[in-house]
Each structure stands twice: as C-alpha cells, then as structure tokens.
1. So, of the residues in segment 551-608 that are over 59 Å from the mean Cα position of the chain (by Cα) and touching a residue at least 60 places away in the same chain (Cβ under 8 Å), which turns out to be nearest to L483 (Cα to Cα)?
2. If I go through segment 280-317 residue by residue, how many of them are among the hydrophobic types (A, V, I, L, M, F, W, C), open to solvent by less than 10 Å² (accessible area, probe 1.4 Å) and farther than 30 Å from V184 by Cβ?
3. Consider only pairs whose beta carbons are under 6 Å apart and that are at least six residues apart or on different chains; among these, list those whose first residue lies in segment 136-150 and is farther than 12 Å from L87 by Cβ and whose second residue is open to solvent by 20 Å² or more (accessible area, probe 1.4 Å).
4. Taking into account only those residues within segment 11-31 that are of a type outside the set (S, T, Y) and surrounded by 14 or more Cβ atoms within 10 Å (Cβ to Cβ), which is farthest from M74 (Cα to Cα)?
5. Among the listed residues S214, S173, S208, S231, which satisfies the condition of being under 29 Å from S108 (Cα atoms), in contact (Cβ under 8 Å) with a residue 40 or more places away in the chain, surrounded by fewer than 20 Cβ atoms within 10 Å (Cβ to Cβ) and not β-branched (V, I, T)?
6. If you take the residues of segment 423-449 that are among the aliphatic types (A, V, I, L, M) and farther than 12 Å from I382 by Cβ, which of them is most open to solvent (accessible area, probe 1.4 Å)?
7. Among the listed residues D683, D617, identify the single one that is modelled with pLDDT under 85 and over 54 Å from the mean Cα position of the chain (by Cα).
8. Pick out the one residue from E412, E494 that is of a type in the set (D, E, K, R) and open to solvent by 10 Å² or more (accessible area, probe 1.4 Å).
Amino acid sequence: MLVGAFTLNREESLLEYATSKSIETAEIPLEEGWSKLKDHGIRVLSDVLCGEHSQKIPFGNKVYVSLYTISYRMCSNTGTLDHSKALYERASEEIRLFLLSVLKPEVSDLDLIPSDDEILTRFAHNWSNFKIFIKWMQRLFGHLDNGYVADSSTPTITSVGLKSFYDVIFSSSKLRVLESIMNVMDRERDGHGVDAEILAGCIDVFVSMGYTKSDDLTSVKAMALSAPDLSTYQTEFEQMLLKRTLAYYTKISTQLLAVKDSSTYLRLVEHTLEAEADRATKYLHLSSHPKMMSACKLALLQRHQVTLIEHEQSGVVAMLKQRKRNELGRLFRLFKHLPGGMLPVMSAVKKYVLMQGREILSDYSNQRLQNRKGTQSNPETIKKLIAMYTEMRHVVDEIFEGESQLQAAVREVMLEVVNSDLNNTSSVVELLVIYTDHVLSGRIKLLESEVELALSHAAELFTFLSDKDLFAETYRRRLSKRLLSNRVLPIHMERVMVSKLKMQQGAPFTAKLEGMINDYSLCQDVERLWRTSVRDSSSNNLAASGAHQLDFSVKVLTQGFWPSQTHHEVRLPDKMSAAKSMFEEWYRKQYNHRLLTWMYSLGEVIVRGTINDRIYDISVSPLQAALLLIFNNTSQPASFQRIQEELGLNEAVGKRVLHSLACGKYRVLLKSGRDRDISVRTDHFQINGDFSTRFRRFSVQMPSAEDESKPRMDREIEQQRRFSIDATIVRIMKSRKRMSHQELVGEVTHHVSSFDPDVKHVRQRIECLLEREYLNRDDHDPSYYTYIP
C-alpha cells in the first residue's frame, strides 16, 4: 500500500508540474527538466527492465503524457532557450549507460558459460530489453527526431541506440553467440528439442545489426518493417551457417550412403529438406532460404548424384524395372532443381529404354534364329515395344512432370531402338506393318475403341521410323490384301489409320492409300450395279452359257494406287471365261475408254469338290482354280507340260501354282515325285484320293513370286528415293540459287522426311543433276553450285 501510494503521489506531482509548466510561458531549466525526465522516466524504465520494479508497464498514460510534455516544452517554448541539443546528448548518453550498466554485465562472461541454451537465453533477453528501452526512449524524445535531428543531420534516437548496442554488446559477444546458435541448430537436426523463439530472437539480432548503417530509423517498429543492409548478417552469421550446414550434412550423407539404398536414402533426404525448409522459415532471413537449401542439396544430393542414380540395385534403372513410381517421383523432385541434376537421370532413363528395347528385339531375333513357327507374323514384339513406350511416356509425363530433357531422351533412344536391324530378313518396319494388319483385319480381337487406341500407338511408333517410305510401301501391300480378301474391319477404321499417317507426313505420303480405300468403296457400288445387271440378263446368249450361275464378282482397281503386280495370261475354263467376257462387255457399256487388265493371282475362288467321299470348299486364287478344274471329273494323272499347255502359263508360274496345291499344307493334288521340288519333265499330278482334313472349308495360299532372300529395299523404293532426293535438291536450289556443297547436303538431309538419306547417296544425286544440267558448278569456287533456270 505504501509503494502504491508513493507511486500515485509521484504521478500526481509530475502531472501537476507538467500542467503548470504548460500554462506558464517561462523556460523549464535544463537541470530541473532533465531531473524530472530522468527520475520519473528513464530510471523507472531501467528499474522495470531490471526487474526491480513491480510494474510490468513503466508508465501509465498520465505519466507518459507528463514526461513527453516536459521534454517537448524544454525544446519548443517561444522566446525561451532551446535545450534540444543538450537533451539529445543526454538521452544518447543514458542509452549508452543503460547498455553498460544493465545489459553488459549479463553477457560479459559468456565464455565461462558451458550451456549454449543459457548463452542464447541471456543474449535474447538482452536484445528484448534493449528494444523495449529504445522504444520508450524514442517515444519520450521523439520530437527531437522531427526537429533537432532533422535540422542538424544527426542520427535519430533509435539509430543512436542501435549503434550503441552494436559497439557495447554485439561486437564483444557475437562470436560466442554465433557458436552457440550453430550448436543448437545441429542439436535440433539430431532430433533434440530447442526453444525456437529464443533461437529466432538471437538470429534476428544479426539481421538487425544491418540497420546500424542507417541514421534515420524512426522507431523499432519501423526498423522491423524496412529492408536492412544484410552485409553484417551475411558476413557475421550466414557464412558460418552455410559452412556448418555443409559440414554437418556431408558427414551425415556419408554415413547414410554406407548403409542405405537409394530409395531409403532419398526418402530420408526429402524429410530432411522439408525440416530444413521449415527451420529456415522459422529462424532465418528470407534471403538465406535458397542458400540454405542449396547447401543442404549440395551435401546430400549433388555430391552423390551419380552414386544414387546409377546404383545397381536401387538406382533409376532399378526403380523403372520395379515400377517404383513413388520413388521415381521423389528422385525427380529432389534432382530437378539441381544444376545439371537432370543429366544423370536422363542418362539412366536412356540406358533403361535402350536396354528394354534391345531385350525385346533380341527375343524376337532369337526366336527367328530358332525358326519358331509364326514368329515373323507374330505381333507380340510390337505390342511389347508399344507397352514399353507407353509406360515410359506415362513416367515422363506424369511422374517426371513432362520434363523436356527426359522427353527428348526417350525419343532419341526410341529412334535407335525402332530403327535397329533385327536380322537379314526383317525389321521393325515390317513388324509394325504386320501389327497394324492384325489389328485392322480383326485377327487381334478388340473393341472399336480399343482398335483406335491400338492404331494411335502404332502411329506413335511410326514417328520414330527412319524408313517411312518403306513402311508406306509395305503397308500398301498389306492393305491391298485386306481389301481384296474382305478381311477388313469397318472401312472407317482404315481411314482412321491413314488419317494418322497423313497428319504426320502430309497428303502426298498417303495419296495412294487413300486412293485404295476410295477404290474399295467404289468397288462396292460397281458390284451392286453388276449384280443387278446379271439378274436382268438371264435371257441373253451369254447367260445361256451358264456363266450367270456362278456367284461372280469383280473388283475394279485404279492401277496407279495399288501395288504393282505381274500380269499372267491364262486360258480360263469355259464358265470362268464366259463370266469374264460377260463382265467386260457390261463394263465397256458403263465406263467407255477404260482398259481392264485381269490379275489372276489375286482374288478368291471357292471350289467345291468331293474327295474321298467328303465335300470340301477350297478357297484358292483364280490361277489355282483354273488348274484344279483340269482334274474335274477325271482321275487320270496330268504331266507338267500338259497342264502348262492347257492353261498357257509360263514355267515359273506353273511351278508356283502346282507347288501350292501339291507340296503345301493342304495337298489336294498328288505329285509323282517324292521331293518337294517340281520337276517339269518327270512329275505327274492327279487328285489326291487320300486327302483328308478336319476342316470342311480351308484356304490354299499361293507363295509370292518375290524372292524372299532379296534385300528389303526393292528397286521401286530405291527409285522413289532417287526421285525424292532429286526433287528436294532442285526445290532448294531454285529457292536459294547458289549454295555450297556442305550447305546443300545439310539442307537435303533436313528436308527429306520419309527416310534418312545417306550423304553418299545425296552426293551421287547432285552429280547426276550436274550431268543433266539442272545445276552447275560455280566458275569462281567449285565447291559452290548454282541453279540453272
């Protein structure tokens, strides 16, 4: 009660004094006014901060207003002596005395204190008390900042206080405090608890010391809101922080790598980096965040990236093999922002794709070498390549966030894989054509939506082919067989595949394919008109021959669109010949000036025959049908010469037809010789009376006339390539007029998209165009060519 009464009397006395001086116009003497300010203001503030005063707040509103009024009137009364300079100097000295007498003793013996926590507690308490003290000093003497300080260009009260703190407290204790901060942070990294508020407060002192270079700080609050000069923070604190962080995690990473696999290590690193990011947010200045994280990543990741990524049991290749999607995603997140961090990942991804692709192709080659039945026509190899590429694309797009370097890496390796030579007789080009053939012919049972997806995948593989022209030609032949044998899904699916190729290569690339599909549609219209005509012609002379009794249809094709075929003349049996003549006569009436050329090796004839008291429907070509009908209603053997004479075939074609019927899977004819070769002199043929098969209907395939051992690139494609290179050279030179040899070769290889032209081949075509006078060598520089209009 006595203390409270004394305080109350003091406040009343101070208020009365300040009020009376406000009413009077007389000067407040310096010593008198300073005594009031020091005894009722500065000393009370110091006592409260030292814990020697029971009050937690140094002044009530009345006391504060009274003290400020006294301080203000000592400097602003008109006609009286201005004590601003004296007050400024005395206030500055009081700040320094407070630091020396109150705060300095608390931190003077830090080197003797073994506890880092105790050191940081004292230092943080010092800083907190200083900020409170300087805040109230600025409030008591703030008018000096607006008057005397502004007029005399001297530091503000807050700036004076901060400079004094730096000289008296910070400069002598910073090293010990810094060491304690580092120790406490390392201890927190080891999993021990720390006082986050005290740690943040101590680090804040190093940031705040950057304000000592400023003379115009208006308050502690304004100091916190302005940008400091970070040179002190960086040199006195940040450099040591980064050095200690690097050393700590270098040691930890070495220990972890010795006992952990890559997946486990990266999981721990991700957790560690998250903790460090949280630590940086709580304690450090914003500018230190990226530097801190860079130091951690350098020690934990960058120095070990090759070891982590190429680890045999747990690196990127192992993760891809084992489909560890989460681990791959974590690895990508950790390495994507490292300088050059994607390079080893890209290398590992390329290694995996190349290894998987070669394994798929090697399996196919091994099966071919072992002569496994159906290997060449089996679509499984392409299915595996599609599955591999689809999976890798998902990994890159979803897990690796569409990283452009990794996308390019996968494309680069797929180019190498897809354009690999499997063996001397096949390539991925042919396998891809076979796959699309199986999809579009319905051999692979799929729903319509699945068919379109399969075609999309095939088109994606097509983009990696170098020999796109070879694909187009091989695809055209397969398409021809599908359309002519009616082994085709709804025709719009064929159009879907062609449209995908057209989008990639342009309209000229698919012109023939589109022409074939259009022909197929037109054939159906022609066939409807023909069948209507046959029904209506039952009374004419041709119909009287019995030809109209045949279920006979014709597909009329445009010669320029369809693959070239060798024309073989043959003498058809009477009914077949009559049907042919009947159609020719009708077609000439419908479409005048069109020439029909019959391809007897194509098409399908169903020959119904009775062999060994069993009826069979045999699917054969018109050539095979004509030959079988020679043995109709006779059991007598026929020599090769007789068959050749009756049909008018040349020897090579006759051998092929007879071989298919007498030496193939279904041996409808019986050959006199025992070997599988056809002898034109000695062999005789007759219906095989012992023939039997469990199928009522079966197909007898006739072998191709092409030599299977010839190079895959036939003469037609070679010629097309010559034309393409020639056209490209002329087009470029017509535009550029004059070019060097190296520039022209480079432009040609860049512009030819349907295949990869060989440089030697390009050079040969240039020489050819020089001879044909499309180009000329420059008279002044023979390494340059000029265009001849």
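1. Among those that are over 59 Å from the mean Cα position of the chain (by Cα) and touching a residue at least 60 places away in the same chain (Cβ under 8 Å), it is V570.
2. Residues that pass the stated criteria total 3.
3. Within 6 Å, the pairs are Q138/S219.
4. Restricting attention to segment 11-31, the residues satisfying the condition of being of a type outside the set (S, T, Y) are 11-12, 14-16, 18, 21, 23-24, 26-31.
Then drop every residue that is not surrounded by 14 or more Cβ atoms within 10 Å (Cβ to Cβ), which leaves 11, 14-15, 18, 21, 27-28, 30.
Details: E11: 19, L14: 15, L15: 16, A18: 11, K21: 10, E27: 7, I28: 6, L30: 7 Å.
Result: E11.
5. Numbers: S173 fails: surrounded by fewer than 20 Cβ atoms within 10 Å (Cβ to Cβ); S208 fails: surrounded by fewer than 20 Cβ atoms within 10 Å (Cβ to Cβ); S231 fails: in contact (Cβ under 8 Å) with a residue 40 or more places away in the chain.
Exactly one of S214, S173, S208, S231 is under 29 Å from S108 (Cα atoms), in contact (Cβ under 8 Å) with a residue 40 or more places away in the chain, surrounded by fewer than 20 Cβ atoms within 10 Å (Cβ to Cβ) and not β-branched (V, I, T), namely S214.
6. Restricting attention to segment 423-449, the residues satisfying the condition of being among the aliphatic types (A, V, I, L, M) are 428-429, 431-434, 439-440, 444, 446-447.
Now restrict to residues that are farther than 12 Å from I382 by Cβ: 440, 446-447.
Values: L440: 1, L446: 69, L447: 116 Å².
Only one residue fits best here, namely L447.
7. Result: D683 is the single residue among D683, D617 that is modelled with pLDDT under 85 and over 54 Å from the mean Cα position of the chain (by Cα).
8. Details: E494 fails: open to solvent by 10 Å² or more (accessible area, probe 1.4 Å).
Being of a type in the set (D, E, K, R) and open to solvent by 10 Å² or more (accessible area, probe 1.4 Å) holds for just one of E412, E494, which is E412.
The values are calculated or read from the model by the stated rules, or taken from the named source; none is laboratory data. Computed from a predicted model, the values in this text were never measured in an experiment. Here the Cβ is made from the backbone with ideal geometry for all residues, glycine too, and neighbour counts use every protein chain on show. In case anyone asks, the SASA skips ligands and DNA or RNA and just uses the protein heavy atoms, side chains included. Shrake-Rupley method; radii C 1.70, N 1.55, O 1.52, S 1.80 Å.
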